[in-house]
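Written below as structure tokens is the structure these notes are about.
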Amino acid sequence: MSVEVIKKDGVILIPTETVYGLSCCVKSETAIDRISRIKAREVGKNYIVLISGFHQLDSMGLKMNENAKILADRFWPGPLTLILPDSKGSAIAVRYSSVAFIQRLIAQSCPLISTSANLSGEKSPALFSEIDKNILDKVDLAVKGGALPGIPSTIVDMQNESPNLVRQGALEFDNVISVLKKYS
């Protein structure tokens, strides 16, 4: 059912490896705008893109330098989001999800926009019961997944060879640095 919702420009609420999130097809401007309105978030603000495999990086025009490849090889799939340059001169935040349901959903539809299922500026929900009723009323489908860690992904900007911590999350930045020191 979730595949059909995504293919019809719908918005779904799903459990990720970190928190409950709002998702839609990365190609659906209509659904992306809906997510911004649901969250009461500034329209045009960028979202994380979830992928189900490394092959999708090429199809999205994303480029990985050697250090980004090392981090992806070590920490993906998992709660690490990498900001990567694209072929158009911009950058996209991307995460290879470790959740099997999300991997299947993406494989059967498209890469997904992902953002926490909360109003902008509020706490990200780790429990389905923590999700605002107004948000639940505005999505096309909500999937329950039990208790989640409640800590968002760590975001690292890898547009250059040196990693730049954008947001500390589930993966300690010290681990990122240690891996790069060991393998680069």
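Taken together, the values in this text are just the output of simple stated rules run on the coordinates, not laboratory data. Predicted model only: the values in this text are computed from it and were never measured. When we count neighbours, we look across all protein chains shown, and the Cβ atoms used for this are built from the backbone with ideal geometry, even at glycine.
Miscellaneous remarks
- Evaluation of Val5 against (1) among the hydrophobic types (A, V, I, L, M, F, W, C); (2) more than 15 Å from the chain's Cα centre (by Cα); (3) in a strand (DSSP E or B) (one fails), failing number: (3)
- Residues of segment 123-141 classified as within 17 Å of the chain's Cα centre (by Cα), under 23 Å from Val43 (Cβ atoms) and touching a residue at least 40 places away in the same chain (Cβ under 8 Å), total: 2
- Per-region count, segment 124-145, residues assigned to a loop (DSSP other than H, G, I, E, B) and over 20 Å from Pro77 (Cα atoms): 9
- Residue in segment 90-104 that is outside any loop (DSSP other than H, G, I, E, B), among the aromatic types (Phe, Trp, Tyr), in contact with a strand residue (DSSP E or B) (Cβ under 9 Å, 6 or more places away or on another chain) and surrounded by fewer than 16 Cβ atoms within 10 Å (Cβ to Cβ) present: yes
- Among the residues of segment 159-184, those that are within 19 Å of Thr18 (Cβ to Cβ) and either out of contact with any strand residue (DSSP E or B) (no Cβ under 8 Å at 6 or more places or on another chain) or not acidic (Asp, Glu) (or both) comprise Leu165, Val166, Arg167, Gln168, Gly169, Ala170, Leu171, Phe173, Asp174, Asn175, Val176.
- In this structure, Ser114 does satisfy being crowded, with 19+ Cβ neighbours inside 10 Å and either part of a helix (DSSP H, G or I) or not basic (Lys, Arg) (or both).
- Glu17 meets the conditions (1) part of a strand (DSSP E or B); (2) within 19 Å of Val99 (Cβ to Cβ) in every case but one. The failed one is (1).
- Considering segment 79-122, and only residues there that are polar (S, T, N, Q) and under 15 Å from the mean Cα position of the chain (by Cα), the residue that is farthest from Arg167 (Cα to Cα) turns out to be Gln103.
- Those helices (runs of 4 or more DSSP H) lying entirely in segment 21-77 with at least 3 residues of a type in the set (A, V, I, L, M) and farther than 26 Å from Leu171 by Cα: 29-39
- Enumeration of residues in segment 14-52 that are more than 15 Å from the chain's Cα centre (by Cα) and of a type in the set (Asp, Glu): Glu29, Asp33, Glu42
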